[in-house]
Amino acid sequence: MQSTILKTATHLMVGLMLVFAVYVLLRGHHEPGGGFCAALLAGTAFALFAITEGPDRVRRAIRVRPGTIAATGLALAALAGLPALVMNKPFLTGIWWHPGPFFVGTPLIFDLGVFLAVLGAILSLLLALEEN
Amino acid sequence: MESLLALVVGLMFGSALFLMLSGILVRFVFGFVLMGNAVNLLIFASGRLTHVNPPLIGFDQTIPGAPVANALPQALILTAIVIGFAMTIFLLVLLYRAYDQARTLDADQEPFLVEMPETSDQQVSEKKEQA
Amino acid sequence: MKTSLPSIEKVPDCCRGGVVSSILPLVLFGLLCLAWPRVVQGKVFLIQWSWVPSLDLTLAFRLDGLGLLFGLIITMTGFFISLYASSYMAGHQHLGRFFFYLHGFMIAMLGIVFSDNLLLLFVFWEATTILSFLLIGFDHHHKTARENARQALLVTGGGGLFLLLGILLLKIAGESMTISLWAASGDMIRDHALYPAVFICILIGAMTKSAQVPFHFWLPNAMTAPTPISAFLHAATMVKAGIYLLMRFHPLLGGTSLWMGTLVIIGGTTALWGAVQALGPCDLKRILAYTTLMALGILTLFLGGRTVLSLTAAATFLMVHALYKAALFLAVGSIDHQTGTRNLDHLGGLLQSMPLTALAVAAATMSMAGFPLFFGFIGKEIMYEGALAEDMFPVFATIATLVANSLMTAVAAIILITPFLGFGRRKMNPVKEAPWTMRLGPAVMGLLGILFGIVPEWVSEHLIQPAVFSFHPDREDIRLVFFHGMNLPLVLSILTLTLGSVIYRYRTFLRHRMNTAIDRLWITTPGLYQSGLDLFLKSAGAFTNKIQNGSLHFYLFIVVFTLVVAVAWPWLPHIPGILIFPTISGPLIAMGLFAFILASTGVVVFAKTRLCAIGGLGGVGAGVALTFMVFGAPDIALTQLLVETLTLIFMSLVLLRLPPMDAAQKRPRSRTIRDACLSLGAGLLLTTLMMGMLQVPLDRTLTAFFEANSYIAAHGRNIVNVILVDFRSLDTLGEICVVVLAAWAGVTLIRRTKEG
């Protein structure tokens, strides 16, 4: 699309939206948000990017293939369930560490997996449709 | 309150069915999206709409202080929305592909109405034999 | 039909893949040999794991004398046949598939004979049916192969369903599913009212698998399979599964006059019918198939008895038959492979060119004809003893055995003399001897036929007796001996040989008479099968055309209509009780949102253009999102809004490439009204259902649990998110799999569109 305003705005917006997506992902455990929302948000950002700059730019920007992102997400989500097995608990039971004033646990990895899987799915469809 | 919502859901559902029955594939997709919304509302109402506080736990608490909205249907709906989204996109792609093949989006027209051959198996095997 | 594909020149002496793959049966054979001495002492090995406890289905395995006998036969022939096939099938493009099926079949067969649980046995039983379907239809580019495979599948698969029914009836009658727990309770089931039904169902299962009249016709047709398969499935193993079943059920169901009478009559008829028909064809493999029918008939006949004698006869003949029949099939395959034909009229004088194969065939046929010194002789003696000792119809049994054996002798002579000593009508091209891999099996099995004939006592003690004792309670010693002395069985044996040579002398005449007689039959089971199948396919086609006409409207209408009627029918009486007139109460903003949603819905329904409809959809989505927001669900409100945005982007991407909505034809008014009525009905039904649901007291147990544990156990303050990524994360994992799969499928579709 040939519109200078849109282009300029997009350059600003995409970065902001991606940062916001990461923020939504991270705060999801305590505040409204989480992997799904973040993935949709990031997907929207890339859609905007793809509409203004074309799918090739998006492909170059994300470097890896969208399918790989989705697969990584699924793998991460599944892997997040494994520590529980090692500790002789049911698959995907949350395991937590308490390194400082905050908690770190497998559900966070799981949420990251959800984020990547959904984002990968959206991106692959978006780019395939845009390129066609 | 909830009974009013029940009426809204019923009307949305009926409209969605009506759209899907039209035989125009684009309207079918619209109907599908509408139905998804109706069903999400239904699940939402099944957890009751009595409390308006979001199911969050305050920073100085370990359990919700005041009564909060039912979290369970919300979790169900969240996944339902995302799955419904994925299905909608898939339907759209299917629509795209169907148009590519059939050159029409009217499901009552020729390429969509197929007559099965009488003895399909035999004909298929004969065809293979010829090949 | 010629089934071996490779031409003779191209075949290497052995194919390494096949030779390697024959290690599997050899190893299994070795393992069984390790267990053998313990089993002979009477030890029964039991292993079990729980599988589906609620169905009484356990992975229970049992190795006793009977299983051992079958297991040894299966693994031994399996070994020789794998080795054989490595040369026979060399160069075939689907060699890997072939060995996969073949060994899969072998495992399934071992599963049948080692299963201790009846349902497990059934699972393996069906596995053999399916694998045999794949194997018979292995040359699937031939129409005949496909049709014969389907025939075998329908007949044996249908019988398998009866077997399942029988097993379930047995369970209803109060019998255990575990074979090891049967022991003493046979009388209970035999006096039970369900006994005849159980018996008939299990009998039909056994009859279809073991090709008993009137279900016999699939077996000769199955000969379109490559020869190693015919040798393995349709001579040595699969068709014996029915026999195994009868043996296994003998202590439980056997011994009644129903059992004895039915088995003797069916077995005798099958034996006679198979034997008579064996004279008919010129195709060596078909001849062998008919003699297999005969042998299966004889086995059934003896299982009809209840004395140790007749059961010993059955077990002995089982071994005799497995040895010579597999050897003969393989030898016939070698002839076919080396000369390119297995038609009796074209074969002759192969003794010079294939001396070693000739020797193996000689040994096997001698055993088949029952000459003294061969294992077949021992088998025949005990057969006559067994037949004379039948409880029901001993005269019929004896005559059937005598006639069948005589014909078998004649057939043995035909198989031995015509190809190797006779003179073919056509001058044969120079023929080479088959490679060693193809000679080893027939040779060893022929040799065993002689060896066992010389030391019958050893065989009896180590194989036959443990087998018979495991399905017959009376530990009465029946020893196979080399020479029984002058008695009636010996006289009958001599009579058999004499009759056999007479039949051989007049074979052409008999074949002619027999073929004309069969042609005159006005009703045959193959004919019934064919007309039944035609009728089924025709009516299925007509029915499919009626209901699967491709009209989306028709499908949806039927589905929704059925759903509405099926739900409304039981629900209607409750509606007056739950119907509440919607009152306008609660937050005012909610009322506004509902009105907005309904208005937007109306826009979608009545929109003439896509843009308008998409706008309406956006309105609905936003309204729903705000409703979520108002009633304390910021998470899903956020998600919903984001999804709306993305859906809009995708819709515009796709719909821009599609024709406008109004390009479609106008629908007739009557149809629109009908659709509207149905939709409205379904919608209002949903409303009443939802009202009913809302009046059921809410169970907050789960919610309370999540609220109580969200922070304490899962360290999260957003309960919805904690449910998603912690409490119910397995569901979420499944869900993201669905999302990724949908995307994958969508991308594939787009790519295909691009290519096309």
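At-a-glance table
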item	result
Extreme residue, farthest from the other protein chains (Cβ to nearest Cβ), among residues of the range B:56-83 that are within 14 Å of C:Thr732 (Cα to Cα) and surrounded by fewer than 20 Cβ atoms within 10 Å (Cβ to Cβ)	B:Ala80
Residues located in the range B:23-44, provided they are closer than 15 Å to B:Phe112 by Cα and facing another protein chain (nearest Cβ under 7 Å)	B:Gly23, B:Ile24, B:Val26
Every residue from the range C:665-700 that is over 48 Å from the mean Cα position of the chain (by Cα), in a helix (DSSP H, G or I) and at the interface with chain B (Cβ under 7 Å from one of its Cβ atoms)	C:Ala676, C:Leu680, C:Leu684, C:Thr687, C:Met691, C:Leu694
Qualifying residue in the range A:54-71 (condition: under 26 Å from C:Thr753 (Cβ atoms), hydrophobic (A, V, I, L, M, F, W, C) and over 18 Å from the mean Cα position of the chain (by Cα))	no
Near pairs, Cβ below 6 angstrom, 6+ apart or cross-chain, from the range C:510-525 (assigned to a helix (DSSP H, G or I)) to any residue that is among the aromatic types (Phe, Trp, Tyr)	C:Thr525/C:Phe217
Cβ-Cβ under 9 Å pairs, at least 6 apart or on other chains, the range C:316-329 side among the aromatic types (Phe, Trp, Tyr), far side not in a helix (DSSP H, G or I)	C:Tyr324/C:Phe374
Residues being more than 27 Å from C:Val747 (Cα to Cα), exposed (fewer than 15 other Cβ atoms within 10 Å of the Cβ) and among the polar types (S, T, N, Q) - total across the range C:647-700	4
Within the range C:359-405, considering residues that are outside any loop (DSSP other than H, G, I, E, B) and among the charged types (D, E, K, R), the one nearest to C:Leu447 (Cα to Cα)	C:Lys380
Residue match in the range B:10-28 (condition: surrounded by 21 or more Cβ atoms within 10 Å (Cβ to Cβ), under 17 Å from C:Val624 (Cα atoms) and more than 16 Å from the chain's Cα centre (by Cα))	no
Of residues in the range C:701-730 being surrounded by 21 or more Cβ atoms within 10 Å (Cβ to Cβ) and more than 7 Å from chain B (Cβ to nearest Cβ), the one nearest to B:Ile77 (Cα to Cα)	C:Asn721
Pick from the range C:569-583, criterion within 13 Å of chain B (Cβ to nearest Cβ) and in a helix (DSSP H, G or I), ranking: modelled with the highest pLDDT	C:Ile575
When residues of the range A:55-85 are limited to those that are in a loop (DSSP other than H, G, I, E, B) and surrounded by fewer than 14 Cβ atoms within 10 Å (Cβ to Cβ), the one nearest to the other protein chains (Cβ to nearest Cβ)	A:Val64
The range B:84-102, subset in contact (Cβ under 8 Å) with a residue 40 or more places away in the chain and among the hydrophobic types (A, V, I, L, M, F, W, C), residue nearest to the other protein chains (Cβ to nearest Cβ)	B:Leu92
Single residue of C:Ser176, C:Ser180 found to be out of contact with any helix residue (DSSP H, G or I) (no Cβ under 6 Å at 6 or more places or on another chain), on the phi < 0 side of the Ramachandran plot, touching a residue at least 40 places away in the same chain (Cβ under 8 Å) and surrounded by fewer than 18 Cβ atoms within 10 Å (Cβ to Cβ)	C:Ser180
Single condition C:Leu749 does not satisfy, out of (1) in a helix (DSSP H, G or I); (2) touching a helix residue (DSSP H, G or I) at 6+ places or on another chain (Cβ under 7 Å); (3) at the interface with chain A (Cβ under 7 Å from one of its Cβ atoms); (4) aliphatic (A, V, I, L, M)	(3)
Subset of the range A:86-100 (residues that are within 12 Å of chain C (Cβ to nearest Cβ) and either out of contact with any Gly (no Cβ under 6 Å at 6 or more places or on another chain) or on the phi < 0 side of the Ramachandran plot (or both))	A:Pro90, A:Phe91, A:Thr93, A:Gly94, A:Ile95, A:Trp96, A:Trp97, A:His98
Residue identified as under 16 Å from C:Leu323 (Cα atoms) and either in contact (Cβ under 8 Å) with a residue 24 or more places away in the chain or surrounded by fewer than 18 Cβ atoms within 10 Å (Cβ to Cβ) (or both) among C:Thr357, C:Thr418, C:Thr339, C:Thr401	C:Thr357
Residue check, C:Leu626 buried (at least 16 other Cβ atoms within 10 Å of the Cβ) and either more than 10 Å from every other protein chain (Cβ to nearest Cβ) or not in a helix (DSSP H, G or I) (or both)	yes
Boolean, C:Leu440 is surrounded by fewer than 24 Cβ atoms within 10 Å (Cβ to Cβ), in the same structural domain as C:Leu318 (by TED's automatic domain parsing), of a type in the set (A, V, I, L, M) and closer than 30 Å to C:Trp36 by Cβ	yes
Criterion (surrounded by fewer than 18 Cβ atoms within 10 Å (Cβ to Cβ) and either touching a residue at least 40 places away in the same chain (Cβ under 8 Å) or in a helix (DSSP H, G or I) (or both)) met by exactly one of C:Leu642, C:Leu611, C:Leu638	C:Leu611
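Let's see how each residue does on (1) assigned by TED's automatic domain parsing to the domain that holds C:Thr639; (2) within 14 Å of A:Leu108 (Cα to Cα); (3) in contact with a Ser or Thr (Cβ under 9 Å, 6 or more places away or on another chain):
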position: C:Leu702; (1), (2), (3): no, no, no
position: C:Ala714; (1), (2), (3): no, yes, no
position: C:Phe727; (1), (2), (3): no, yes, yes
position: C:Glu735; (1), (2), (3): no, no, yes
position: C:Trp744; (1), (2), (3): no, no, yes
position: C:Thr748; (1), (2), (3): no, no, no
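Matching residues to (1) among the hydroxyl-bearing types (Ser, Thr, Tyr); (2) closer than 30 Å to C:Met438 by Cβ; (3) at pLDDT 85 or above; (4) part of a strand (DSSP E or B):
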| residue | (1), (2), (3), (4) |
| --- | --- |
| C:Val27 | no, yes, yes, no |
| C:Gly30 | no, yes, yes, no |
| C:Trp36 | no, yes, yes, no |
| C:Gly42 | no, no, no, no |
| C:Leu46 | no, no, yes, yes |
| C:Ser50 | yes, no, no, yes |
| C:Ala60 | no, no, yes, yes |
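The values are calculated or read from the model by the stated rules, or taken from the named source; none is laboratory data. Values in this document were obtained by computation on a predicted structure and should not be read as measured data. For neighbour counting, all protein chains shown are included, and Cβ atoms are generated from backbone atoms with ideal geometry for every residue, glycine included.
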